[in-house]
Amino acid sequence: MSAETSHDVVLRDVTEADRQRLLDWRNSPEVAAFMYSDHRIGQAEHDRWFDGMAGDARRRYWVIEVDGEPVGLANLADIDARNRRCAWAYYLASPSVRGLGVGSYIEFWMIEYVFGTLGFDKLWCEVLLSNESVWKLHERYGFQREALFRHHVIKDGAPADVVGLGLLAEDWPARREEMAQRLLAKGYALPFA
């Protein structure tokens with residue numbers, strides 16, 4: 001992708017208008033395949049989760065927009081200011097944006113936000129071992145495998161392994177310039193620049 005074909009990626013706060021969209025995305029086969037749970041989420045369960053976001057200082061959600069269109073969700077979880085760490089995850093629900101470097105942009109954005117804006121020391125995540133493209137993306141950004149949780153969840157009726165990855169603020173500068181150059185080469189502006 002060149003600068004002429006770059007896309008405008010924005011992370012914006014979740015609003016009430018996103019309630020149904022998030023349920024539809026979460027239940028879509030493309031997203032559900034990479035989540036821990038397999039069951040179809042009903043409206044009542046979704047409403048409890050959605051309503052629980054308000055006032056929960058341990059988690060934060062953003063809708064990912066590409067060229068003004070909502071395409072996915074990113075979040076921080078287990079936000080722990082005392083220990084200066086949190087977990088994160090994201091998904092792209094729209095197949096139309098896959099392969100455009102949006103995931104890489106989101107990864108850069110989240111790392112910069114957690115280490116720069118929040119001033120935390122550690123960002124970590126868990127990924128199904130079968131979701132190789134995502135854990136390899138994390139590793140390109142400097143995340144190190146810290147755990148292999150064997151038979152951690154049941155997916156499609158069978159035990160599935162999960163990879164635990166972590167990135168320390170002190171390790172990020174060694175990867176930041178290379179990752180920034182990759183984004184710039186794809187025509188993306190660096191977040192928080």
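The values are calculated or read from the model by the stated rules, or taken from the named source; none is laboratory data. Every value quoted in this text rests on a predicted model; they were computed, and no experiment measured them. Neighbour counts are summed over all protein chains in view; Cβ atoms, including those assigned to glycine, are modelled from backbone coordinates with ideal geometry. Please note that ligands, DNA and RNA were not included when accessible areas were found on the heavy atoms of the full protein model with its side chains. Shrake-Rupley method; radii C 1.70, N 1.55, O 1.52, S 1.80 Å.
Miscellaneous remarks
- Taking segment 86-193 and the helices (runs of 4 or more DSSP H) fully enclosed by it, the elements with 3 or more residues that are under 13 Å from the mean Cα position of the chain (by Cα) and of a type outside the set (Val, Ile, Thr) are at 102-112, 132-140.
- Note on segment 25-40: residues that are within 13 Å of LEU128 (Cα to Cα), assigned to a helix (DSSP H, G or I) and open to solvent by 90 Å² or more (accessible area, probe 1.4 Å) amount to 0.
- Scope segment 169-187; condition closer than 18 Å to LEU137 by Cβ and open to solvent by 20 Å² or more (accessible area, probe 1.4 Å); matching residues: ASP171, ALA174, ARG175, ARG176, GLU177, GLU178, GLN181, ARG182, LEU184, ALA185, LYS186
- Scanning segment 41-65 for residues that are in a loop (DSSP other than H, G, I, E, B), surrounded by 14 or more Cβ atoms within 10 Å (Cβ to Cβ) and either of a type outside the set (Lys, Arg) or touching a residue at least 24 places away in the same chain (Cβ under 8 Å) (or both) returns a single hit, ILE41.
- Any hit, segment 91-111, residues being open to solvent by 30 Å² or more (accessible area, probe 1.4 Å), in contact with a His (Cβ under 8 Å, 6 or more places away or on another chain) and not charged (D, E, K, R): yes
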